[in-house]
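So the structure is just underneath, and the comments pick up after that.
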Ligand code: PBG
């Protein structure tokens, strides 16, 4: 007998059916974006030693990675490229004959229903590995870089990208790229900007995979300082003002506080990027027998949705989509 009405959620939790019916946050294959590294050559499906489970794919081999992803329900890819040449200004970023541009054409034709996003940055294309044009003092020249990024974005749009994803963190890049795309007749091409991209230790395996580690210094001059949450939100919202269509928070799980704060400040769609270092964290824990694979992956990825992200960019996309479909 109770003196007042008591609502005990246990009465709901103990029944699997109503528990499922009341799930507030869901993770579905349609929420996942798979990053792909495209390399030159033919017949290449080269494993990356420091990034177990992830490979470099030449354009002709893309069906081997794209096919299973699409079969499991993944609807979008994020493309990174290894160019055939690098120079001071990363001019191969806007060369139509390079792997990313060729991959865009190939995927557009082979999988017309798939949404294609191209990472737009200079670090994979410059011989020094920084994300833009260097000034005489070795720092990245913000405004000179905007021109290079705009050219890269236009070249990717021409090649078939539905969306470009600037990850360089220069000031004013979203506005500059929006302007360049519009001027060149690509007003329909979207911008998914890395709005909250932190100067993080979690990009290690990616930099090996993309050959984009800076040859000197680091990226703290342009990426966001992890200890400054107010500055991060202020900076991220600028991308929205400049015309970004989707905002990325990266890395994802170490920065879920940022995702949740940003969610409260914008109605734009958001994506959380579970980066290479987070992938390795999960991979190592699973390999060590310390984390149950399916449950661990589901819980980790669902956290990103719970924090307010619509989409999750993850190297686990194909496996996870398969799991979700079977559940
Ligand atoms: C390019 C870029 C990076 C990542 C995505 N785009 C690396 C960096 O900023 O050094 C990292 C992705 C990952 O670690 O999975 N600027």
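Each value in this text was obtained by applying a stated rule to the coordinates, not by laboratory testing. All figures in this text were calculated on a predicted structure; none of them were measured in a lab. For neighbour counting, all protein chains shown are included, and Cβ atoms are generated from backbone atoms with ideal geometry for every residue, glycine included.
Computed values, structure above
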item	result
Relative contact order (percent, whole number), the chain, Cα cutoff 8 Å, 6+ residue spacing	18 percent
Three-way shape label, segment 1-127, alpha-carbon gyration tensor, a/c 1.5	prolate
Angle between the chain longest axis and helix 276-287 axis [Cα atoms, degrees, rounded to 10]	50 degrees
Segment 144-248: C-alpha gyration tensor shape, a/c 1.5 cut-off, then a/b vs b/c	oblate
Gain on full stretching of the segment that runs from residue 17 to residue 234 - 0.36 nm per residue minus C-alpha separation	73.9 nm
Ranking of 20, 168 by count of other Cβ atoms within 10 Å, fewest first	20, 168
Virtual spin-label span in nm between residue 295 and residue 115, 7 Å along Cα→Cβ	3.2 nm
222 nm mean residue ellipticity, helices alone, for the chain (DSSP H n ≥ 4; -39,500 (n - 2.57); rounded to 500)	-11500 deg cm²/dmol
For the chain, built as a Gaussian network whose Cα springs stay under 10 Å, the top-fluctuating residue of 92, 200, 110	110
Ranking of 177, 232 by count of other Cβ atoms within 10 Å, fewest first	232, 177
Likely footprinting exposure, 246, 313, fewest C-beta neighbours within 10 Å first	246, 313
Residue 286 versus residue 213: modelled label distance in nm, points set 7 Å from Cα along the beta carbon direction	2.5 nm
Cα gyration tensor shape of segment 26-326, rounded if a/c is under 1.5, else prolate or oblate by comparing a/b with b/c	rounded
Contour excess over end-to-end distance, with Cα ends at residue 26 and residue 184 and 0.36 nm allotted per residue	53.0 nm
Residue among 109, 242, 124 with the largest mean-square fluctuation in a Gaussian network model of the chain, springs linking Cα atoms under 10 Å	109
Chain lengthening between residue 50 and residue 241 when straightened (0.36 nm per residue, less Cα-Cα)	65.0 nm
Simple spin-label estimate for residue 310 and residue 42 in nanometres, 7 Å along Cα-Cβ	4.1 nm
Span from the segment 228-244 Cα centroid across to the segment 103-179 one, whole angstrom	19 Å
The chain: most fluctuating residue of 289, 190, 221 per GNM, C-alpha cutoff 10 Å	289
